[in-house]
Amino acid sequence: MEISALLIVGVLVALLAVITVLKAVRIVPQARARNVERLGRYNRTLQPGLSFVIPYIDRVYPPIDLREQVVSFQPQPVITEDNLVVEIDTVLYFQVTDPRAAAYEIASFLQAVEQLTVTTLRNVVGSMDLERTLTSRDTINNQLRGVLDDATGKWGLRVNRVEIKAIDPPNTIKEAMEKQMRAERDKRAAILSAEGQRQSQILTAEGDKQAAVLRAEGNRAAEILKAEGQSRAIDQVFQAVHRNDPDPKLLAYQYLQMLPELAKGPANTFWVIPSEVTSALQSVSTAFTEALPKSPATRDPAPQDDLAEHATDDAARAAEAAAEAVADAADASTSLQPATTTANHAGQPPRHAGT
């Protein structure tokens, strides 16, 4: 019996020793901290790593996370300056910098931060209207961060960032805002369309103007070139006529050749044969019966046989042309005899008439 009792006591002592050793050794993970109270009073803060405490005298509290934490709060109703209720959802980024203050200065620092965020948000947004609230998120974030950082400093916390995740106005306000935005977009679209049409008309007018100017310049250059060509042609003809020194017989022959052309005009209703036709015919007949005069065009020496042959051919063609001209003139004189007679009795040379 005595051996059994001693064995039980030894086992109990060994077990107590093991428990005591376990209670004396504390291992703290990285980025964690644990507060130690000795006999109910704060003693120290255990840092990451292996630490020793006095068993049954020191009390070690649960670890406190020293990493940056993210907390998302529920949407809170906030009244703006223009008496509109909006729901604002916020996200808070904070970090525990002093584990002792976080444990002893505030009962629940997470709940305290949430309530402080809500009250500060209502104070900041309450001084803004709805439009400014929707467009001033950065300003609201900076003001919230400043107020929360000052208030949570004594709690051993550091607020790094405060972000507004969503601002939800009432449904009626959303519909009104959508109508306003749609009207603004329609207005901008109409303005852009009008600007495009105006630019298109301006460019079209500029193009038409340049085309008209270029067309006018082209027409002017063409007329100038045409006039220059006609001038050179007339000058060439004039020089050729004076260089060859034509006689009245040749001019009479050309005159007879132009008479049928004058009668071919579609606007002529009648044609008066002048009284000089007979004399012109006589001149032509005399021209073909006499020898050709010497002219600059015929001064080149030629064989006698070629000259005779060419003269015979020219005389034959001229006789045929003269006969045709006389026949045409006789026909025209027969059809228009009254007009010719009237002009001769008046003692004036007949004039061409036409409509």
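Points to keep in mind about this one:
- Taken over region 160-183, the criterion of being among the hydrophobic types (A, V, I, L, M, F, W, C) and either surrounded by 14 or more Cβ atoms within 10 Å (Cβ to Cβ) or more than 20 Å from PHE73 (Cα to Cα) (or both) is satisfied by VAL162, ILE164, ILE167, ILE173, ALA176, MET177, MET181, ALA183.
- Candidates are the residues of region 35-49 that are part of a loop (DSSP other than H, G, I, E, B) and in contact with a strand residue (DSSP E or B) (Cβ under 7 Å, 6 or more places away or on another chain); the one that is most open to solvent (accessible area, probe 1.4 Å) is GLN47.
- Screening TRP155 against (1) at pLDDT 85 or above; (2) closer than 15 Å to ASP89 by Cα leaves a single unmet condition, (2).
- Filtering region 126-180 to residues that are in contact with a strand residue (DSSP E or B) (Cβ under 8 Å, 6 or more places away or on another chain) and of a type in the set (Ser, Thr, Tyr) leaves THR133, THR152.
- Residue within region 41-64 that is of a type in the set (A, V, I, L, M) and in contact with a Pro (Cβ under 7 Å, 6 or more places away or on another chain) present: yes
- Restricted to region 19-34, and to residues there that are assigned to a strand (DSSP E or B) and not basic (Lys, Arg), the residue that is nearest to LEU66 (Cα to Cα) is ALA33.
- Where strands (runs of 3 or more DSSP E) fall entirely within region 50-159, those with at least 2 residues that are surrounded by fewer than 18 Cβ atoms within 10 Å (Cβ to Cβ) and touching a residue at least 24 places away in the same chain (Cβ under 8 Å) are at 69-72, 76-79, 85-96.
The values are calculated or read from the model by the stated rules, or taken from the named source; none is laboratory data. It should be emphasised that the depicted structure is a prediction, and the values quoted were computed from it without experimental measurement. Here Cβ is always computed from backbone atoms with ideal geometry, including for glycine, and neighbour counts include all displayed protein chains. Just so you know, the surface numbers come from the protein's heavy atoms only, side chains and all, with ligands and any DNA or RNA stripped out. Shrake-Rupley method; radii C 1.70, N 1.55, O 1.52, S 1.80 Å.
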